[in-house]
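Note sheet for the following structure.
The values are calculated or read from the model by the stated rules, or taken from the named source; none is laboratory data. For clarity, every value in this text was computed on a predicted model and none was experimentally measured. With ideal geometry, Cβ positions are generated from the backbone for all residues, glycine too; neighbour counts draw on all protein chains shown.
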């Protein structure tokens, strides 16, 4: 009872802080200095129509590398943590057969979803979307497959290979930026191309392809580890 | 030079690449991991080297080819270079340490580890707020993954708590960052600093969220249960990194973002730091689980660093030196301790006694503990010194007190731990199985502490005068520790003699220092010579004895306060290790070191006040303290009195001296105590006569001295343990010295000098002889001795002569002391204290009689029939001292006259004038030589007469008596001098009731009770820990912005 | 409009915090966490909102000196990162829940008090 009261009191206290934040908030009419710079120069400097992509992949490319690392870490931790039970402890659970609708739909939908995912990350510099979004869509296709066939073992080798190669490529492209252009992760190692076309914005599409593949592989890995673990008693 | 950005590229590239190698190529991933960490270490190392050689200036690294604030930039400056270097070194060593674990548990762990180390590098280097957030998240996710390595329920719980707590913290941080962005339109830290967010009311809440998040990342008390659990449950190899690198990076990050908040907020950082430092250490006093204890200590050290960061306005350009000194010591020591813990796998610090099975590990363990406390020659010592001195110049006495109290509390548990490791029984404990890859990292950390200590020494004012040659010699003796005693003994004596010869010209015209040099180094030779009687190798004895002597001689050589304090601490450390060698010495050595640390901190604070008054670290600064002089003098006096064991501060002495080894007792009694006397003399000379700020203090000290004498002598009279009797006698003798000094007249000081010299000689003799007898008879109890006069006649004569000196009976030099004393008392007019002293003098006869009677006279015990004289290795030095006493008694003028001349300039009171062998005062004269001749002649005549008479005496065999049909069942009941003074005890015993011991026991119980009560907040419940975090945030908010 | 959205964000933050503190089931705590994170993300996006402006996707390179009428792209980029981080943390928490459940066959936080003092 005392604890409940304390919790309410604390929520009220946090509410006070939040209220202060709310009071400090003002709806804006103009861009911030940083936003204004990107709006004015982003398209010309980076060549990406989608300014968010320009910020994410180039201006704040190091953050994106960090993001990729986080997913990578999570995937590694999951497959490490969920795999180290003793072999003799593991017993397979008896599973209900999947419904027909699901299994047939998954066969139809999986390739389409994959394609959508690829489309999203290839066009990341032009339209809303990008590597993370595309990768997540691809992983959702894998998830659908797993739901349809719970016993399906995803080949860790292939996923691991895709993940490693795309991750390494990302790093190498980033490092090329130091050699060929202005700094780590500079996208101007390739020609900026014609603004608004698929082959524009320098290395951004390339980076996003690798990010998309990597994220897709990592998320699939996560989903796979969890599903594998769930099948055990 | 390779750019720092490659640290990221290499780490991530290798981590990604590891996925390419399957389980079949496990060896490759291990090699890649080591290679990667080595490359990262190399990159930061070469930058560090470049900064140290001044060949490069702070460099900005732009990413993406755009300038900040439009893109993320990293900064590589001196500070970043140091931090990334130590992070990467710890990573490399940590990976070496966990090599087997890593190869057992698969390549994912190696990837996580690489990313973990990389993320800390970036948090240190980045100058972008959001980037900082991202890599902090990487760090905590990687850490949560590494915690899983232990695969125990406890680790899962700890990790879960950690995730929830950091989740809340990072959420609030994110809110703070986005609002800071909304106000400033930038994410660059430097631009944010320029915007002065903290001073504007609307934006101050954003500042608050950022600041509180980074503070919470450092696990402030009391919102740190989640952090403690990680320390406890994680693999020790991970605990080492959390403590060494995560904490270091976290402190630096806080340092980096603090300017965003502005100086108005610094005070709160210090406040939280103080709460953490004291609170965390306090709760550590009740902790017995090694890893959790290390956790408490780590959090405490981070608290200290927070204090320092918060006080940076006061510390000015010394902030970096101080913070890095503390940080590096903490870093190396904690990493080492966690790694040792991983080898021992003990659940209780008592099981660390197993360390004695590997002397190297024990040595490193001691190194780490002393580095944590801040003993020389480690960097933390110099950092703490600078911290206290600088704070004092700013008048921040409260902060000094907080820091010293917290440090002392840390000492409480660290030295308890060291005592356990050194003394507890380890026969039941499993032997250690140490692979080289676990040993190397610990060695590297231990050695780097020494190297860094020496490296930073010249950075401190007067530091370059500190003499490291004795320490080098001690290091050599450590290396030669496997040799037998007689070789090491010879080497040690040789070293001491050589140093004496080297030292003499430097103190040629300073009689006071010469006298103490003779006491310290001459005493060293004499007591070491007695060590020839020992057999075997006496592991660890010689380095520690030499350490103590090096400290002692350093004190007299010191020309600056830091040199003095440096030596003082060396002496304390050495003597601690000597004292704890005794069989039952653990608790006594423990109380010795606690009193010593407390005393040292009092001295430190006193020095601080002196420094604050003069901005000069020379020893002469003590002569001109304008800033709170009375407090400074009192602190210094109390500090020195912990060594002279004056009343109230004496409870460590009887046990420490009584239980010490037979040749250690004279070292720590006859010699070590004089360090306190030297300190007091130095202090009083600087105070000078008629100093209005010290009149009351001196008066009180006079009383303390008189009462110490009384209590010491009475306690001695009631002892049944021969060595404790001598120990109490030392307390009393030092009481005389203190009293004489406090009188502050020429005569009083003459008396004190005489007592000092006498005590050195007769207490050496007594402890050597009695110590030898105790070893021979196998008992300390006097009622189990008796009749030794015929078995050990030379010992008897030695003890007899000493007793005559203590008793102040003509013709020996004790009388000179007494004669001067009463002159001084009468001149000063302290009659009441004088009466006590006089009364105490009479009591002295009681214990002296008891000593000589119980041991040498009376009946020989049945089991001692075949006893022979004690070793000549002991008697040799003893008789050298007896010759000394005889010379001093017969020709006191050769010593006392120069002392008088030396004292003349300091005192304008009546002096002792000399005419040949006669010493004149207003009250009369005394002639040592004549008395010696007269009494000597009378003695010889009487002895001759007695011997001639004794020929007619009838000899009676010991058992030629009749027991009245009664058989004694306890040995003490038949011993005539057992409880011989029962009557006096009944009448006056209340005076020696263990009131003071009880007082200190109550204090320590109270501290432990508070700690036990406080730590109940760590109930283990996830919910509670979450509540702590939120309470911390809300309270901090209400105090700062809410204006509570 | 933007005031309503940011208020919703803040409300979610508070609700999430309440849930984290109040709930005893680990799964519910994690759900509360996602609420908390979502709230923060909403707040972040609305910070970058500018009245009557369009999405930060340009049709052509703006002429020198002119600023296209778009919302601030920076918070959007940050939110993208924050979401991914939130995902990582949530996945990790779930892993821990799996391990804790395997260990004690329970999700009640009161059963996990092995470490104290």
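Remarks
- Condition check for residue C:3: farther than 24 Å from residue A:3 by Cβ, modelled with pLDDT under 95 and facing chain A (nearest Cβ under 10 Å): yes
Each row is one residue, and each column tells you yes or no for (1) touching a helix residue (DSSP H, G or I) at 6+ places or on another chain (Cβ under 7 Å); (2) under 30 Å from residue A:193 (Cα atoms); (3) modelled with pLDDT of 90 or more.
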| site | (1), (2), (3) |
| --- | --- |
| A:93 | no, no, no |
| A:101 | no, no, no |
| A:114 | yes, yes, yes |
| A:125 | yes, yes, no |
| A:159 | yes, no, no |
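- Selection from segment B:463-491 of residues that are outside any helix (DSSP H, G or I) and either in contact with a strand residue (DSSP E or B) (Cβ under 6 Å, 6 or more places away or on another chain) or surrounded by 18 or more Cβ atoms within 10 Å (Cβ to Cβ) (or both): B:466
- Taken together, A:104, A:77 contain a single residue that is part of a helix (DSSP H, G or I), surrounded by 14 or more Cβ atoms within 10 Å (Cβ to Cβ) and either within 12 Å of chain B (Cβ to nearest Cβ) or more than 18 Å from the chain's Cα centre (by Cα) (or both), which is A:77.
- Positions within segment B:148-161 being more than 10 Å from chain A (Cβ to nearest Cβ) and buried (at least 24 other Cβ atoms within 10 Å of the Cβ), in sequence order: B:155, B:157, B:158, B:160, B:161
- Test: residue in segment A:1-15 that is touching a residue at least 40 places away in the same chain (Cβ under 8 Å) and either assigned to a helix (DSSP H, G or I) or more than 7 Å from every other protein chain (Cβ to nearest Cβ) (or both): no
- In this entry, residue C:114 is excluded by the filter for residues that are under 30 Å from residue A:6 (Cβ atoms), at pLDDT below 95, surrounded by fewer than 20 Cβ atoms within 10 Å (Cβ to Cβ) and touching a strand residue (DSSP E or B) at 6+ places or on another chain (Cβ under 9 Å).
- Failed item, numbered, when residue B:93 is tested on (1) farther than 19 Å from residue B:234 by Cα; (2) in contact with a helix residue (DSSP H, G or I) (Cβ under 7 Å, 6 or more places away or on another chain); (3) crowded, with 24+ Cβ neighbours inside 10 Å; (4) touching a residue at least 60 places away in the same chain (Cβ under 8 Å): (1)
- Helices (runs of 4 or more DSSP H) fully within segment B:289-390 that include at least 2 residues being touching a residue at least 24 places away in the same chain (Cβ under 8 Å) and more than 29 Å from residue B:226 (Cα to Cα): B:312-315, B:319-344, B:359-373.
- Test: residue in segment B:547-557 that is surrounded by fewer than 22 Cβ atoms within 10 Å (Cβ to Cβ) and in contact with a helix residue (DSSP H, G or I) (Cβ under 9 Å, 6 or more places away or on another chain): yes
- Test: residue A:54 is touching a helix residue (DSSP H, G or I) at 6+ places or on another chain (Cβ under 8 Å), assigned to a loop (DSSP other than H, G, I, E, B) and within 14 Å of chain B (Cβ to nearest Cβ): no
- Within segment A:184-201, tally of residues that are surrounded by fewer than 24 Cβ atoms within 10 Å (Cβ to Cβ) and within 11 Å of chain B (Cβ to nearest Cβ): 2
- Annotation note: of B:209, B:175, the sole residue that is at pLDDT 90 or above, at the interface with another protein chain (Cβ under 9 Å from one of its Cβ atoms) and more than 42 Å from the chain's Cα centre (by Cα) is B:175.
- Single unsatisfied condition, residue B:138 versus (1) within 14 Å of chain A (Cβ to nearest Cβ); (2) without any contact (Cβ under 8 Å) to a residue 60 or more places away in the chain; (3) not in a helix (DSSP H, G or I): (3)
- Residue B:611 more than 30 Å from residue B:770 (Cβ to Cβ) and either buried (at least 22 other Cβ atoms within 10 Å of the Cβ) or in contact (Cβ under 8 Å) with a residue 24 or more places away in the chain (or both): yes
- Positions within segment C:61-71 being at the interface with another protein chain (Cβ under 7 Å from one of its Cβ atoms) and either in contact (Cβ under 8 Å) with a residue 60 or more places away in the chain or part of a loop (DSSP other than H, G, I, E, B) (or both), in sequence order: C:61, C:62, C:67, C:68
- Restricting C:17, C:12 to residues that are within 7 Å of another protein chain (Cβ to nearest Cβ) and assigned to a helix (DSSP H, G or I) narrows the list to C:17.
- If you go through segment B:899-927 and keep only what is loosely packed, with under 14 Cβ neighbours inside 10 Å and farther than 14 Å from residue B:820 by Cβ, you end up with B:901, B:904, B:905, B:908, B:915, B:916.
- Any chance residue A:38 is over 21 Å from the mean Cα position of the chain (by Cα), part of a helix (DSSP H, G or I) and at the interface with chain B (Cβ under 8 Å from one of its Cβ atoms): yes
- When residues of segment B:856-871 are limited to those that are part of a helix (DSSP H, G or I) and modelled with pLDDT under 90, the one farthest from the chain's Cα centre (by Cα): B:862
- Of all the numbered requirements in (1) within 7 Å of another protein chain (Cβ to nearest Cβ); (2) crowded, with 22+ Cβ neighbours inside 10 Å; (3) under 18 Å from residue A:52 (Cα atoms), residue C:50 misses one, and that requirement is (2).
- Complete set of residues in segment B:985-1019 that are surrounded by fewer than 19 Cβ atoms within 10 Å (Cβ to Cβ) and facing another protein chain (nearest Cβ under 7 Å): B:1019
- Residues of segment C:92-113 that are facing chain B (nearest Cβ under 7 Å), in a loop (DSSP other than H, G, I, E, B) and under 24 Å from residue A:83 (Cβ atoms): C:112 alone.
- Complete set of residues in segment B:142-189 that are over 27 Å from residue B:11 (Cα atoms) and outside any helix (DSSP H, G or I): B:152, B:185, B:186
- Selection of segment A:16-29 for residues being more than 7 Å from every other protein chain (Cβ to nearest Cβ) and modelled with pLDDT under 90 yields A:23, A:26.
- Filtering segment B:884-905 to residues that are assigned to a helix (DSSP H, G or I) and either under 37 Å from the mean Cα position of the chain (by Cα) or not assigned by TED's automatic domain parsing to the domain that holds residue B:817 (or both) leaves B:884, B:885, B:888, B:895, B:896, B:898, B:899, B:900, B:902, B:903.
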